[in-house]
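Derivation of every value follows stated rules applied to the coordinates shown; laboratory data play no part. Keep in mind the model is a prediction, meaning the values are calculated, not measured. So basically every Cβ, Gly included, is an ideal-geometry build from the backbone, and we count neighbours across all protein chains shown.
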Amino acid sequence: MSSSVEAAEAKGPQIRRTGTGGRIRFGIYVALSLAALAWSFSGLEVSGERILKGLPQVGQIVRQMFLPPNWAYFPKVAQEMVVSLQIAALGTAIAAVLALPFGVLAARNLTRLAGLPFAGKVLLNMIRTFPELILALMFIRALGPGPFAGVLAVGFHSIGMIGKLYAERIETVDKAALEALAASGASPIEVFRYGVVPEVLPDFLSFALYRFDLNVRAATVLGLVGAGGVGTLIQFQIGRDWPSVGMILLGIIVTVGLVDFVSAKLRARLA
Amino acid sequence: MPSKPPFPWRGWIAAAIVVGILFWSARGTGASVGAFVEGIPEMGAYFRKLVPSQEKPWPYRYLPEIQERLVETIKIALAATVVGSLFSLPFVLVGTRTLAPGRLVYNLWRGFLNLLRTIPDLVLASLLAAAFGLGPLPGLLALIFFTFGVVAKLLSDTVETVDPGPMEAITAAGGTRLHRAVFATLPQVAPDYVAYTLYAFEINVRVAAVLGLVGAGGIGQILYRDINFFRYGHVGLIIAVTFAVVFLIDSVSTWLRSKLV
């Protein structure tokens, strides 16, 4: 129950118990899929004809973007990509700190109030569900366009997922050890400091690193609505100068790929 | 008390580097506590304006349009989830070490999947919107790509960790690669597959809600329009209704997943 897909992704592949997989359940799933497919395509302005018409267009755009990309645009892309990375780094750090109280409050094993963890988890889910692009638009209206609005959007939105992962991790801390500490006269704060922190800290760091991966992607998109970073260039060049868009896309792919790689290596060392 | 201090000296160096990066990031993005505090009254005023009842007349007439666009949003997410996850299914045959026809095919395919996952969904959507024209089609296609990438990767990861017993039995009985996949692997990972599909659906709903900001259909399209026309009450209403619906779907789906795996 506590091992969500997010937690599994944050930790990387691990050997796990095998499921039994009922055939009836799978049959129901297939039937549901078909029904969903039929309903979702009804009334959607999507036709095979439009797809076929668009495909040559896709081919042409891809050719213009990459054969060759506008290499001269590289310095500009690098400059804005750095801003995207900075947005992601600062936003993640803000969220990683602000999520701590939420994580503690939402963990079932640290409080005697039964309603508090539930309320905390609902609140975290609400934060997680609120789209960061809409947050960014709101911060832009309030503070003006630019990367600062992006930092705040990323920072606020990320509290949801990080806080949830924190809480789930705290819940797996051995309760007997905490009780032993409390029995030996440790105050609640000391129990937390010596019983919980040393055990969960490496995992907390890897959750933050994992969220940083996702935030780098998010920070490349924020510019599409004016919240700074490399997306600003996409917004500016799309439909205008395809070779430059190609250069931007290459920059994004290389940067995101590198960040993913380094982050996975670091997380593997933390685990 | 723990015998080992929680922070070895290498930890302090790493912490110092991180703090340095954060200061550098704050300078680069123009972020500061001062600017944030100064902006608070402005933010407060903006959020107050978003309350729909501030607008006269109260924009309730607007609800049918919101509903129509929300249904479109959910349809985009659902269609993309079903198509993308069905497409990803046969690709475990190349994405899994135990089932792939060879090391090279496996590595190439895994490399391609990683490449696909580096392209942010909304960047792809805005590129596709340029190719296919505005509307739900580019959004749908972008989300199909995204779903395919996520489900194919998670599913292949899972297949690599299943119990090898049934597969060895089928090999011993003279079964082919396809036999191994269909009879030994798929039954074991079926619940995981459904869980990954639901997981992708949750993300797709959230992304579909903002696709319209880049011209790719759904509720985001009228949201963007109303933001640009400074119709604050409308904006507030759209955000509130969309958020409620997305949150509901997300909660139900997360709960279903917790029952599955």
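Numerical summary
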{"read-out": "Net lengthening on full extension, A:Ala72/A:Tyr29 (0.36 nm per residue, minus Cα-Cα)", "value": "10.4 nm"}
{"read-out": "For A:86-96, mean number of other protein chain Cβ atoms within 10 Å", "value": "4"}
{"read-out": "Candidates B:Ala209, B:Ala26, B:Ala169: whichever shows maximal mean-square fluctuation once chain B is modelled as a Gaussian network with Cα springs under 10 Å", "value": "B:Ala26"}
{"read-out": "Point-charge dipole on Cβ atoms (K/R +1, D/E -1) for the protein assembly as shown, about Cα centre, debye to 20", "value": "340 debye"}
{"read-out": "Kirkwood-type radius of the protein assembly as shown, with distances r between different C-alpha atoms, in Å", "value": "24.6 Å"}
{"read-out": "Of A:Phe139, A:Ala167, A:Gly155, farthest towards positive along the dipole that unit charges on Lys, Arg, Asp, Glu beta carbons give the range A:123-248", "value": "A:Phe139"}
{"read-out": "Out-of-range pairs (alpha-carbon distance over 29 Å; input A:Lys164/B:Lys259; A:Lys164/B:Lys49; A:Lys121/B:Lys56)", "value": "A:Lys164/B:Lys49; A:Lys121/B:Lys56"}
{"read-out": "Unit charges at the beta carbon, dipole of the protein assembly as shown: most positive-side option, B:Gly20, B:Pro41, A:Leu258", "value": "A:Leu258"}
{"read-out": "Gained length - B:Val51 relative to B:Leu86, 0.36 nm times residue gap less alpha-carbon distance", "value": "8.4 nm"}
{"read-out": "Projected area, mean over directions - chain A, Cα convex hull, nm²", "value": "19.9 nm²"}
{"read-out": "Measure of compaction for the range A:41-126 (Cα Rg per 2.2 N^0.38 Å)", "value": "2.01"}
{"read-out": "Protection-proxy order for peptides A:130-136, B:171-177, A:260-266, each taking the mean of Cβ atoms within 10 Å per residue, highest first", "value": "A:130-136, A:260-266, B:171-177"}
{"read-out": "Most to least packed among B:180-186, B:105-111 [average Cβ atoms within 10 Å]", "value": "B:180-186, B:105-111"}
{"read-out": "Net lengthening on full extension, A:Leu123/A:Val262 (0.36 nm per residue, minus Cα-Cα)", "value": "46.9 nm"}
{"read-out": "Most fluctuating residue given options A:Leu205, A:Leu100, A:Leu44, as computed from a GNM of chain A linking Cα atoms under 10 Å", "value": "A:Leu44"}
{"read-out": "Percentage of interatomic Cα-Cα distances in the range B:55-260 larger than 28 Å", "value": "39 percent"}
{"read-out": "Helix-only [θ]222 nm of chain B, DSSP H runs n ≥ 4, -39500 (n - 2.57) each, per residue, nearest 500", "value": "-25000 deg cm²/dmol"}
{"read-out": "Total charge dipole magnitude, the range A:135-230, about the Cα centre, Cβ charges on Lys, Arg, Asp, Glu only, Debye to nearest 20", "value": "480 debye"}
{"read-out": "Rounded to the nearest 20 debye, dipole of chain A from Cβ charges on Lys, Arg, Asp, Glu", "value": "400 debye"}
